[in-house]
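See below for the structure under consideration.
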Amino acid sequence: MKVGVKILPKNEVLDSQGRAVENTLQHHGHKLSGCRMGRYVVLDLNETEKSRALARATEICEFVLYNPLSETYELEVLP
Amino acid sequence: MKPVGVVRFLGTNCDQDVFDAVAAVGLKPKWLWYQDQFDRRDLAAVILPGGFSYGDYLRSGALAARAPVMKSILDAANHGTPVLGICNGFQILCEAHLLPGVLLKNDSLRFRDGWVKLRRVGEASAFCNVKESVHLPIAHGDGRYYVEEDQVKQLFDDGRVWWRYEQNPNGSLDSIAGVLNDKKNIAGLMPHPERAMFSYMGGTDGRDFFTSLAL
């Protein structure tokens, strides 16, 4: 089972990459009130049960994938 | 004289400079390979040099912080061995939770290099056997020191802020350039003292950072 991990910088953390992209978009006439940039990780886990897969993905996130000081994460089971 | 361990991860690139800096002040450097373990009783101190361990993949320092050698470093640190992380070494120590905070992408989004003036804040530590104001080179893309707002005051109160930039080059919170752990035997520093060892390098303020490891 594949689990997607969406990692984003916390709202209170200055996201310099997101801001640079936002500035370029604004510069080209795209009106928007924010742009935040993170990363997406796809874990292909040897699990068949959804709850087991999510539990293992959580364990992996806590181990290394995100830094709780500066980032948040969300999980989704992928088809 | 026990040697000073110099750790090499894949992608470390200031390793030879640090090795030579340790030798230049009359200490004995010893390589530590990232996949190996060591006995803490064999070493006087450990230095994690700068570079781009694991190509800065995921987050700078995150993967190196989980490498086998870190188990021995944790053991040594817990037993009071001085551990100094420089640049990427600082990032690794933060990611290993041996130092508070995290180093984020510079606010300018640019890799910053050049010489900076620093002012020492911390006092009560072997690492503070350095004059109060130094001139050192920086070279980093992820140097913006960040901790949660309520933690910053605590770090200052506890004397754990080690160095501050006179002019903030990267957006670091309160211009923090270096911090210490609560026992003051682990230190992280963003600038590169190993690049300021001889006058031909442009300055010699880096020497004290290595001599202070001998105490």
**OP:** Tell me, please, whether a residue that is surrounded by fewer than 18 Cβ atoms within 10 Å (Cβ to Cβ) and at pLDDT below 95 can be found in region B:161-179.
**Re:** no
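Quick check, is residue B:118 in contact with a Pro (Cβ under 9 Å, 6 or more places away or on another chain) and over 27 Å from residue B:55 (Cβ atoms)?
Values: in contact with a Pro (Cβ under 9 Å, 6 or more places away or on another chain): yes; over 27 Å from residue B:55 (Cβ atoms): yes.
For residue B:118, the condition - in contact with a Pro (Cβ under 9 Å, 6 or more places away or on another chain) and over 27 Å from residue B:55 (Cβ atoms) - is met.
I want to confirm something. Restricting to region B:184-211 and keeping residues that are basic (Lys, Arg) and assigned to a helix (DSSP H, G or I), which single residue is modelled with the lowest pLDDT? Show your work before the answer.
To start, the set of residues in region B:184-211 that are basic (Lys, Arg) comprises B:184, B:195, B:207.
Now narrow it down to the ones that are assigned to a helix (DSSP H, G or I): B:195, B:207.
On the way: B:195: 98, B:207: 95.
By that ranking, first place goes to B:207.
Give A:21, A:42 a once-over and let me know the one that is surrounded by fewer than 17 Cβ atoms within 10 Å (Cβ to Cβ), among the hydrophobic types (A, V, I, L, M, F, W, C) and in contact with a Cys (Cβ under 6 Å, 6 or more places away or on another chain).
Numbers: A:42 fails: in contact with a Cys (Cβ under 6 Å, 6 or more places away or on another chain).
Going through A:21, A:42 in turn, just one is surrounded by fewer than 17 Cβ atoms within 10 Å (Cβ to Cβ), among the hydrophobic types (A, V, I, L, M, F, W, C) and in contact with a Cys (Cβ under 6 Å, 6 or more places away or on another chain): A:21.
Report yes if residue B:102 is touching a Pro at 6+ places or on another chain (Cβ under 9 Å) and of a type in the set (Val, Ile, Thr), otherwise no. Explain how you work it out, then say what you get.
Numbers: touching a Pro at 6+ places or on another chain (Cβ under 9 Å): no; of a type in the set (Val, Ile, Thr): yes.
Judged against the criteria, residue B:102 is not a match.
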Subject >> Pick from region B:33-62, criterion of a type outside the set (D, E, K, R), assigned to a helix (DSSP H, G or I) and within 14 Å of chain A (Cβ to nearest Cβ), ranking: nearest to the chain's Cα centre (by Cα) >> reply: B:53
Original post:
Would a scan of region B:63-86 turn up a residue that is within 11 Å of chain A (Cβ to nearest Cβ) and in contact with a Lys or Arg (Cβ under 9 Å, 6 or more places away or on another chain)?
Top reply: no
Subject >> Options B:40, B:66, B:110; residue that is charged (D, E, K, R) and touching a strand residue (DSSP E or B) at 6+ places or on another chain (Cβ under 9 Å) >> reply: B:40
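One line per residue, one yes/no per condition, for (1) more than 23 Å from residue B:93 (Cβ to Cβ); (2) touching a Phe, Trp or Tyr at 6+ places or on another chain (Cβ under 9 Å):
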| position | (1), (2) |
| --- | --- |
| A:16 | no, no |
| A:26 | yes, no |
| A:70 | no, yes |
| A:76 | yes, no |
Subject >> strands (runs of 3 or more DSSP E) fully within chain A counting 2 or more residues that are within 14 Å of chain B (Cβ to nearest Cβ) and charged (D, E, K, R) >> reply: none
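The values are calculated or read from the model by the stated rules, or taken from the named source; none is laboratory data. These figures come from a predicted structure and were not determined experimentally. Methodologically, a virtual Cβ is constructed for each residue, glycine included, from the backbone with ideal geometry; neighbour enumeration extends over all protein chains shown.
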